[in-house]
Amino acid sequence: MGRALGLCALALLSLQNTLSGEVLIFCDDPTVDKAVTSAINKFNEGMHTGHKLALFQVMSASKVQNGSYWLKFTTRRSSCSASDATPWTDCEYLPIDKKPIKCNATVHMNETDTDTEHVDLHFAQCLGCPEEIDQNSEDLKVPLSVSISKYNSQSDHTHLFTLNDVGPATRQVVAGFRFKFKFDMRRTKCAKEEHKDLQEHCTADPDNELANCNSTVDMAPWRQELPNVQLECGSGAMPPMILRRRPPGWSPLRNILIQFPTASPKAPPPSDAPPKTKEAKISGKEESSEEDLAKPSASPEDSLFHCPSKPWKPFHPLRTGQNSMVAFDFGKM
C-alpha cells in the first residue's frame, strides 16, 4: 500500500513539473553528478583563501527544456586549501564543521559541453561571529608569537620550545580581535638557564619532544596594550586532523619577541566528581543531538528520486575529548 502511494505521488510530481517545463530527475543520476561536479569546480576556481569545498549530498535535481539543470546540494569544507592544485575529489572533509553548507546551482549541459551559470552558497553568517583564517596568514604572527613566549615563560620545561605546526584558526571581532587556534611546538637545543627567550639559533631536532596548545588571544593594537593570552596545553603533537606546515622561512618569532613575567602554574583545585544529575543527562542528550547534524539527511532508497543522495564520502566530526588537555591557569597579563 505504501509503495503504491509513493508511486502515485511520484507520478503526480512528474506530471506537475512536466507541465511547467521542469522534470525532476534522480539525485544519483550520472548526469546530475557531472553537473554538480562542474558547479563545485567553478566555485573553487574563484576562491583565493580558505579551503576548497567538496560535495556532501545532492538534495534535489531537475532538468528544464533548454537543457539546464537546477540543483540543490550540500558541501563541506575540505582538507585542501584554495591554492592547492589537488582536485576536491581527492580531498577529505575538515572534521571541525558540524553543519554542511547549502548550495544552489544552474548548469547548462549537452553531449559535449558543461557550463555552470551560477552557484549560490548559504553560509550561517552573523556580525561578530568567528571566521576562519588561513593558518599561514600574516595575522597569526603576533598571536602565535605571544602564545609561544607565554608557554616558554610559564612551563616547567628546562628548554625553550619553538613552533612546529599550526592547526585550525579563527578570528572574531569583539572589543578588539580574538584569535583562536591550535598549534604544536618542538623542544629546541636552547636551555632556559642560558637563554631567556627564543633566538634564531634555537633550532629543534626532528626527534625532539612535542607540546601542543589551544590558544585564545585577545588584542587591540590601537590601544597599545599587551595581548591577553589564555592557553590550554598538553604533551605530544596535535590530535589527528588537517595540519598545515608553515612555509619555508615563515617564522612568527622573526620580528616580534615579547617576554612575559614568569610564574609557577597554579595547581588545579581538588575536585570530587559529583554524581550525575538529571541536568547532566539532558546536557549529554543535547550534545548528541548536535552530533546528529553531521549525519546524512535520509536514506536515498526510501525517498522519491533517491533524494537526498548518499553522502559522497563519510564525514567523521572531531569529537570533544579526543585530545586530553592539561590546562595551565596563567591568568591575565
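The values are calculated or read from the model by the stated rules, or taken from the named source; none is laboratory data. Bear in mind the structure is a predicted one, so any value in this text is a computation, not a measurement. Every residue, glycine among them, receives a Cβ derived from its backbone with ideal geometry; neighbour counts consider all protein chains shown.
Key figures for this structure:
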read-out: Which numbered condition residue 105 fails, given (1) touching a His at 6+ places or on another chain (Cβ under 8 Å); (2) in the same structural domain as residue 234 (by TED's automatic domain parsing); value: (2)
read-out: Condition met for residue 159 (in contact with a Lys or Arg (Cβ under 6 Å, 6 or more places away or on another chain) and either among the basic types (Lys, Arg) or surrounded by 16 or more Cβ atoms within 10 Å (Cβ to Cβ) (or both)); value: yes
read-out: In region 156-177, the residues that are closer than 15 Å to residue 138 by Cα and either free of Cβ contacts under 8 Å to residues at least 60 places away in the same chain or outside any strand (DSSP E or B) (or both); value: 169, 170, 171, 177
read-out: Per-region count, region 94-130, residues at pLDDT below 85 and in contact with a Gly (Cβ under 8 Å, 6 or more places away or on another chain); value: 1
read-out: Given (1) outside the structural domain of residue 77 (by TED's automatic domain parsing); (2) loosely packed, with under 15 Cβ neighbours inside 10 Å; (3) touching a helix residue (DSSP H, G or I) at 6+ places or on another chain (Cβ under 8 Å); (4) not hydroxyl-bearing (Ser, Thr, Tyr), index of the condition residue 174 fails; value: (3)
read-out: Count of residues meeting criterion [touching a helix residue (DSSP H, G or I) at 6+ places or on another chain (Cβ under 7 Å) and surrounded by fewer than 18 Cβ atoms within 10 Å (Cβ to Cβ)] in region 83-108; value: 1
read-out: Qualifying residue in region 194-208 (condition: polar (S, T, N, Q), touching a residue at least 12 places away in the same chain (Cβ under 8 Å), surrounded by fewer than 21 Cβ atoms within 10 Å (Cβ to Cβ) and under 20 Å from residue 226 (Cα atoms)); value: no
read-out: Criterion violated by residue 118 - all others in (1) loosely packed, with under 13 Cβ neighbours inside 10 Å; (2) within 17 Å of the chain's Cα centre (by Cα) satisfied; value: (2)
read-out: Selection count where residues are under 22 Å from residue 49 (Cβ atoms), part of a strand (DSSP E or B) and not basic (Lys, Arg), scope region 76-107; value: 8
read-out: Region 206-237, residues that are at positive phi and under 25 Å from the mean Cα position of the chain (by Cα); value: 236
read-out: Of residues in region 26-75 being in a helix (DSSP H, G or I) and touching a helix residue (DSSP H, G or I) at 6+ places or on another chain (Cβ under 9 Å), the one nearest to residue 111 (Cα to Cα); value: 37
